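Data first, discussion second: the structure below is written as structure tokens.
The values are calculated or read from the model by the stated rules, or taken from the named source; none is laboratory data. What you are looking at is a predicted structure, and each value in this text was computed from that prediction instead of being measured. Here the Cβ is made from the backbone with ideal geometry for all residues, glycine too, and neighbour counts use every protein chain on show.
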Amino acid sequence: MRIIVIGASRLGEAVVSQLLDNGHNIVLVDRSRERLDDVSDRLDCGFIEGDGTLPRTLRDAYGDGADALMLMTNQDDVNILAAVVGQSIGFQRVVLQIVQSQLLEVCEELGFEDVVTPHTTVASSIAHSLENEERVWSQLGIIEGVHFTTYPVPEELVGKTLDELDMPRSARAVAIARTEEDAILDADEKLKEGDKVLVAAGSNVGEGLRKMFGAQED
């Protein structure tokens, strides 16, 4: 498939990496040339510098046709606007990330059925596990081929940021879950004892992640 991904966010990078591993043709769009230059060392795909909410940018990305448009920026308003514009251009399938759960109703009213809510999903999973005295990490299949898993932070990783973690190629650390503050924290926060790391990864790197975090999945 030929897939257009808007937003070189951590989630966007993880999705592109997995789709490339699965043999798909990917074009990654982002406003930041610096960010595109950074991920180009890790991703073998097409790149377009531009505003993904503009019809001109999306038409350039669409080209002679595309199977799907994925909106993976960390800004809900950008993702929703780009999704609307993308549909008007001709994208038949649109997948968008929504951080603020209260906007899910808006997505439903606009007719978007493929919505990713990683922060809400992992927060709900952590709360459920704590309340039921279960292990606080679980594999969550949110996007086909990409799984979201929370891992407890081992002692040797305390004090590091997500950027400093030596992740396997097909895995990306997306966010930090800190249950004592009931919060999902940004990537520049330093890991603390008791934190959980939300990881987006393909199924082929599970063993490497278990060794890295010293954890075993249920």
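State yes or no: is S32 in contact (Cβ under 8 Å) with a residue 24 or more places away in the chain, loosely packed, with under 13 Cβ neighbours inside 10 Å and not assigned by TED's automatic domain parsing to the domain that holds A173? When the stated conditions are applied, S32 passes them. State yes or no: is T53 modelled with pLDDT of 90 or more, part of a loop (DSSP other than H, G, I, E, B) and under 23 Å from A200 (Cα atoms)? It is false that T53 is modelled with pLDDT of 90 or more, part of a loop (DSSP other than H, G, I, E, B) and under 23 Å from A200 (Cα atoms). Only residues that are touching a helix residue (DSSP H, G or I) at 6+ places or on another chain (Cβ under 7 Å), surrounded by fewer than 15 Cβ atoms within 10 Å (Cβ to Cβ) and polar (S, T, N, Q) were counted in segment 74-100, giving 1. Selection over segment 65-96 of residues that are closer than 20 Å to L19 by Cα and either in a loop (DSSP other than H, G, I, E, B) or among the basic types (K, R) (or both) gives a count of 9.
Note on segment 89-100: among residues that are modelled with pLDDT of 90 or more and not β-branched (V, I, T), the one that is nearest to the chain's Cα centre (by Cα) is L96. Among the candidates E181, E105, E156, the residue that is loosely packed, with under 14 Cβ neighbours inside 10 Å, assigned by TED's automatic domain parsing to the domain that holds A201, at pLDDT 70 or above and farther than 29 Å from N22 by Cα is uniquely E156. Filtering V5, V16, V39 for residues that are under 30 Å from E164 (Cβ atoms), in contact with a helix residue (DSSP H, G or I) (Cβ under 9 Å, 6 or more places away or on another chain) and outside any helix (DSSP H, G or I) leaves a single hit, V5. For segment 184-208, taking the residues that are farther than 15 Å from R42 by Cβ and buried (at least 19 other Cβ atoms within 10 Å of the Cβ), the one that is modelled with the lowest pLDDT is identified as I184.
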